[in-house]
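Just so it is clear, none of the values below were taken in a lab; they were calculated from the coordinates. Keep in mind that what you see is a predicted model, and the values were worked out from it rather than measured. In this analysis, Cβ positions are derived from the backbone assuming ideal geometry, glycine residues included, and neighbour counts consider all displayed protein chains.
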Amino acid sequence: MMIKKAATLAMAVFVAGGAAAGGQTVTKAAALSTTATIQAIDSTARTITLRDEKGVEDTYVAGPELRRFDELKVGDKVKFTYYESLVFQVRPTGEKPDAASVAAALNRAKSALPAGSLTVQDKMTVTVKAIDPAVPSVTVTTPDGRTVTRRIEDKANIEKLKVGDLVDITYTRALLTQVERAK
């Protein structure tokens with residue numbers, strides 16, 4: 001699964017529903033689950049070929065982080081659940097922005113077969129540079145100085161937004177993986 005950098009996705013928060021004015025916090029979350037079957041394993045190259053529920057196959061390299069690679073078998077089912085949440089809050093102009101940060105955590109489950117989770121959380125503050133209610137769209141400046149413009153899904157998110165407002169964004173992704181023996 002592709003996981004984009006929070007700086008690029010910072011503007012995606014404005015696609016979330018709900019009003020974001022007056023210090024209100026807006027949250028949008030989603031979960032996607034899928035199952036794939038191991039079709040082939042190359043122990044020398046440490047690759048695994050998976051076929052998803054739609055019949056699409058792809059081969060992945062299993063780095064040294066996957067410690068129990070030798071326990072995987074052709075036919076095993078691998079369940080993936082991907083969680084994503086976006087939270088943003090508008091702060092008054094002039095308030096000092098928080099420092100951008102990225103935190104990650106890898107947890108290995110103590111189970112009969114390999115399982116674990118990977119969570120990544122990006123935090124940043126962007127500054128509203130321009131608002132175009134006709135499109136509707138909003139342009140912001142990221143902490144590293146880039147300017148990003150995104151179309152807005154819910155116009156209510158920009159109705160009370162002003163140029164110069166600071167928007168705190170927290171973007172969290174988590175991937176849970178579990179292997180089950182074929183029956």
Checklist entry - Taking neighbour Cβ counts within 10 Å as the exposure measure, how do 48, 131 sort from fewest upward? => result 131, 48
Item to check | Long pairs among 28/54; 73/183; 77/183; 79/123; 123/162, criterion Cα-Cα beyond 19 Å | outcome: 28/54; 79/123; 123/162
Checklist entry - Using Cα pairs under 8 angstrom and six or more residues apart, how large is the relative contact order of segment 113-180, in percent? => result 48 percent
